[in-house]
């Protein structure tokens with residue numbers, strides 16, 4: 001996939017979607033602190049919850065959404081039984097969705113992150129080729145972010 005758009009910064013929409021959950025025991029280490037990799041899972045869970053709220057699924061027969069970037073910055077630890085809120089914002093390019101995330105515990109920022117995916121279709125040879133995000137997908141996601 002060759003797409004120059006992934007190198008540009010996309011402005012995130014002013015609206016946000018909130019996903020709430022509780023930290024489970026299996027997500028922690030022996031000290032009861034959440035392993036760093038789980039923050040990416042929390043962000044991805046929130047992304048999928050946003051898609052469901054928009055009446056969509058990230059898994060489809062025709063379109064694919066491969067991840068092209070992922071970043072997290074940790075501010076404070078999370079522990080077993082913490083209730084968290086994952087705030088999702090999104091920005092849209094022609095072929096790319098860029099997500100911004102804030103993870104909070106009781107109104108305290110514990111992590112920030114960003115992920116980007118491109119819209120792609122499978123070619124006959126099995127290769128993925130980027131394609132424009134369908135207008136209905138973009139509009140439904142934007143509506144769910146309000």
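Would you mind telling me which numbered condition in (1) assigned to a strand (DSSP E or B); (2) surrounded by 12 or more Cβ atoms within 10 Å (Cβ to Cβ) residue 73 fails?
The one condition residue 73 does not meet is (2).
Of all the residues that make up the stretch 108-132, how many are modelled with pLDDT of 95 or more and either in contact with a helix residue (DSSP H, G or I) (Cβ under 9 Å, 6 or more places away or on another chain) or at positive phi (or both)?
The qualifying residues number 10.
What's the total number of residues in the stretch 65-99 that are under 18 Å from residue 21 (Cα atoms) and either touching a residue at least 40 places away in the same chain (Cβ under 8 Å) or within 11 Å of the chain's Cα centre (by Cα) (or both)?
Qualifying residue count for the region: 13.
Has the stretch 133-144 got any residue that is under 19 Å from residue 45 (Cβ atoms) and crowded, with 18+ Cβ neighbours inside 10 Å?
Yes.
Taking the stretch 41-64 as the region of interest, how many residues are within 11 Å of the chain's Cα centre (by Cα) and buried (at least 17 other Cβ atoms within 10 Å of the Cβ)?
Qualifying residue count for the region: 8.
The values are calculated or read from the model by the stated rules, or taken from the named source; none is laboratory data. Quick caveat: nothing in here was measured; it's all calculated off a predicted structure. So basically every Cβ, Gly included, is an ideal-geometry build from the backbone, and we count neighbours across all protein chains shown.
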